[in-house]
There are 2 protein chains.
Amino acid sequence: MPDFTKGAAWIRGEVVPIAEASIGVTDWAVTHSDVTYDVVPVWDGGFFRLGDYLDRFEASVAACHMQIGMDRAAITRALSDMVARSGLRRAYVAMVAARGTPIIPGSRDPRDCANHFYAWCVPYVHVVKPDVAEAGARVWLSDEVRRIPADSVNPLVKNYHWGDFTQGLFEAKEAGFETVLLPDHAGNVTEGPGFNIFALKGDRVVTPQDGVLHGITRRTAIELCAAEGLSIETRALPISELMQADEVFLSTSGGGIIPVAQIGERRFSNGAAGPVALRLRARYFARLEAPDDRTEIEYGA
Amino acid sequence: MPDFTKGAAWIRGEVVPIAEASIGVTDWAVTHSDVTYDVVPVWDGGFFRLGDYLDRFEASVAACHMQIGMDRAAITRALSDMVARSGLRRAYVAMVAARGTPIIPGSRDPRDCANHFYAWCVPYVHVVKPDVAEAGARVWLSDEVRRIPADSVNPLVKNYHWGDFTQGLFEAKEAGFETVLLPDHAGNVTEGPGFNIFALKGDRVVTPQDGVLHGITRRTAIELCAAEGLSIETRALPISELMQADEVFLSTSGGGIIPVAQIGERRFSNGAAGPVALRLRARYFARLEAPDDRTEIEYGA
């Protein structure tokens with residue numbers, strides 16, 4: 001029996017243990033990071049908002065001029081089969097479209113490549129550990145690294161260009177913080193590795209609009225804010241405005257709504273998780289159970 | 001007998017045919033493009049300027065806070081053994097340091113990862129085909145994509161963040177050009193996928209200094225310009241100044257000095273390769289034979 005305890009992958013039509021899933025070292029997915037992907041959470045045996053993630057993934061694949069030879073039904077079947085085989089009931093599920101390698105050896109033309117699709121799943125990933133999230137995360141605002149601008153690499157097309165985040169994470173970890181938030185070149189905040197950010201002031205919530213991924217969990221968070229009676233503004237968020245917020249929180253498919261207790265030296269809510277952020281967090285986990293948003297997985301016997 | 005005609009790889013201490021060399025889909029080299037690399041050319045059975053490439057590679061590995069557990073002698077041995085086994089006498093040789101995956105499952109801390117080294121070689125790659133290079137390449141200057149800025153991802157640490165180049169290459173290829181040159185956010189030119197750029201005006205040559213890789217072939221080109229009696233300036237190169245050049249040429253380890261006949265609508269040297277660029281190109285190929293710059297490979301019987 002194959003061991004799926006660490007996860008599974010769907011690759012070239014086969015479901016294999018995650019440790020056996022690999023791609024060639026000359027695939028442009030590696031050598032040019034020429035790849036787009038998406039991540040859908042599985043919670044208690046069902047995909048959450050699968051249709052929204054697939055919408056975004058298909059838009060990203062088209063934006064990259066890739067043909068992966070699989071329609072939405074085929075992708076859905078691959079993801080479902082893979083998660084079912086893995087047995088994982090709470091999982092981080094990645095779907096990936098890769099440029100591949102040129103059919104004409106030595107070609108430097110991306111149009112000559114054989115694109116391909118693969119997917120993998122591992123036990124659910126928390127961007128910030130749950131106990132830390134409950135207490136309020138401590139976030140480092142980089143003063144050295146700027147988020148890659150949208151006219152260099154489009155953040156709406158979900159991508160693996162994480163060099164700015166990685167450099168920022170080293171700064172953050174060395175300073176004793178959980179994660180990092182990157183500013184842009186104009187003094188606004190953008191996003192961090194795997195999350196969007198929200199600032200609450202009074203009954204108004206602001207989240208950056210440009211130069212960031214439009215996360216599906218960001219969308220959920222916006223809907224939950226509305227349900228909480230808060231007004232939402234999606235626009236540029238200057239660092240100075242962020243620092244004057246009453247509460248700050250993150251949104252991520254890897255943990256939902258995460259209250260922020262501290263950004264650099266600045267403490268919010270007396271250095272604890274804010275009450276509104278905690279209510280939104282509870283609403284998020286309740287929403288994960290809402291039947292309308294779920295695609296149940298048939299795990300078999 | 002393994003088939004090395006398409007190339008070879010050194011991976012986990014073994015030399016294998018290139019088609020068998022792969023890395024895990026969850027390696028941060030893939031999922032975060034968290035990798036640094038270098039490429040050294042092999043020409044007629046010898047590495048060219050191997051020491052300079054190794055200097056840069058080791059500096060990049062240190063800048064990424066990676067430990068690959070191999071010193072310079074071990075890397076040299078791995079590269080030599082691999083190329084010898086491949087039998088390739090003219091080769092593109094890549095050495096790669098990858099972040100790996102966290103030793104602690106689920107960790108998001110890059111310090112928790114097991115870094116690793118691998119290498120691969122394929123038949124020599126020409127960034128621009130030799131016949132096109134001799135006639136003068138046609139280069140597209142992107143008007144939509146800006147090079148990733150140095151304060152987002154440091155271009156001196158050679159990396160696979162090619163999203164800007166790939167987007168630009170699609171523009172270039174659709175417009176019928178060979179390759180693409182990217183401007184920065186301040187109206188200066190930077191570099192293209194795999195090459196640096198030079199502008200000649202009178203007896204003065206300018207090449208960009210900031211926001212670009214300091215290519216080893218760029219260094220060779222600078223030395224060859226001096227030998228040609230030209231003065232060199234390494235500084236910002238505005239687009240307007242580039243367009244007023246007498247001649248333009250590229251430098252790349254994938255083909256040496258490449259004359260440019262045209263950038264967008266602007267033709268140089270009446271739309272042909274410039275005479276100075278062609279002389280530098282000839283000097284480059286002569287330099288590849290210079291014993292002082294070569295590390296001969298022992299191919300065995």
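The values are calculated or read from the model by the stated rules, or taken from the named source; none is laboratory data. Note that the structure is predicted; figures quoted are calculated from it, not measured. Please note: Cβ atoms are built from the backbone with ideal geometry, for glycine as well, and neighbour counts cover all protein chains shown. Ligands, DNA and RNA are excluded from the accessible area calculation, which covers all protein heavy atoms including side chains. Shrake-Rupley method; radii C 1.70, N 1.55, O 1.52, S 1.80 Å.
A:Thr26 contributes an accessible area of around 40 Å² to the protein surface, as traced by a 1.4 Å probe with all chains present. For chain B, the longest principal axis of the alpha carbon atoms and the long axis of helix B:275-287 meet at an angle near 30°. Count Lys and Arg as plus one, Asp and Glu as minus one, and take only other residues whose Cβ is under 14 Å from that of A:Arg111; the net charge is then -3.
Note on the protein assembly as shown: Kirkwood radius taken over Cα pairs, Stokes-Einstein applied at 4 °C and 1.567 mPa s, translational D equal to 51 µm² s⁻¹. Can you tell me which of B:Pro105, B:Pro183, B:Pro291 moves the most in a GNM of chain B? Springs connect C-alpha atoms under 10 Å apart. Comparing B:Pro105, B:Pro183, B:Pro291 in the GNM, the peak value goes to B:Pro105. With R₀ fixed at 25 Å, the C-beta to C-beta distance from B:Asp55 to A:Ser107 puts the FRET efficiency at about 0.20. With label points set 7 Å from Cα along Cα→Cβ, the inter-copy distances at A:Ala135 are 6.8 nm, sorted shortest first. Net charge of the neighbourhood of A:Ala221, taken over other residues with C-beta under 15 Å away and scored Lys/Arg +1, Asp/Glu -1, is +1. For region A:153-160, the Karplus equation 6.51 cos²θ - 1.76 cosθ + 1.60, evaluated at θ = phi - 60°, returns couplings of 9, 6, x, 6, 9, 4, 9, 9 Hz by residue, with Gly and Pro reported as x.
Accessible area per residue for chain A is 38 Å², calculated with a 1.4 Å probe on protein heavy atoms, without ligands, DNA or RNA.
When only the Cβ of Lys, Arg, Asp and Glu is charged (+1, +1, -1, -1), the dipole of region B:210-265 relative to its Cα centre reaches about 240 debye. Compare A:Asp109, A:Asp203, A:Asp184 in a GNM of chain A, Cα atoms joined below 10 Å, and give the one with the largest fluctuation. Highest fluctuation among the options: A:Asp109. Shown in residue order for region B:22-33 are the 3J(HN,Hα) couplings computed by the Karplus curve 6.51 cos²θ - 1.76 cosθ + 1.60 at θ = phi - 60°: 8, 10, x, 5, 9, 4, 5, 4, 8, 6, 10, 6 Hz (x for Gly and Pro). Placing a label point 7 Å from Cα along the Cα-to-Cβ axis, A:Glu14 is separated from the same position in the other copies by 1.6 nm, shortest listed first.
Compared with the dominant principal axis of the Cα atoms in chain A, helix A:50-63 is inclined by about 70°. For region A:8-123, the Kirkwood hydrodynamic radius comes to 14.5 Å, computed from all pairs of different C-alpha atoms.
From its DSSP helices (H runs of at least four residues, each -39,500 (n - 2.57)), chain B gives a residue-normalised ellipticity at 222 nm of -8000 deg cm²/dmol. Take B:Glu171, push a point 7 Å out from Cα through the beta-carbon direction, and compare it with the same point in every other copy: 2.8 nm, smallest first. Partner shielding of A:82-92 amounts to 0, given as the average count of beta-carbon atoms from other chains within 10 Å of each residue beta-carbon. Placing unit charges on the Cβ atoms of the charged side chains and taking the dipole of region A:8-123 about its Cα centre, the candidate lying farthest along the positive direction among A:Val42, A:Tyr53, A:Gly100 is A:Val42. Comparing B:Phe170, B:Phe47, B:Phe249 in a Gaussian network model of chain B (Cα springs below 10 Å), the most mobile by mean-square fluctuation is B:Phe170.
Pairs exceeding 28 Å between alpha-carbon atoms, taken from A:Lys129/B:Lys158; A:Lys158/B:Lys129; A:Lys6/B:Lys6; B:Lys129/B:Lys201; A:Lys6/B:Lys158: A:Lys129/B:Lys158; A:Lys158/B:Lys129; A:Lys6/B:Lys6; A:Lys6/B:Lys158. How much of the accessible area of region B:130-287, probe 1.4 Å, is carbon plus sulfur, in whole percent? With neighbouring chains kept in place, the figure for region B:130-287 is 50 percent. Ordered by 1.4 Å accessible area with all protein chains kept, B:Tyr299, B:Tyr284 run largest first as B:Tyr299, B:Tyr284. Where does helix A:216-227 land angle-wise versus the long Cα axis of chain A, in degrees 0 to 90, nearest 10? With rounding to tens, the tilt is 40 degrees. Residue order by solvent-accessible surface for A:Trp140, B:Trp43 is A:Trp140, B:Trp43, largest first, with ligands and nucleic acids left out and a 1.4 Å probe.
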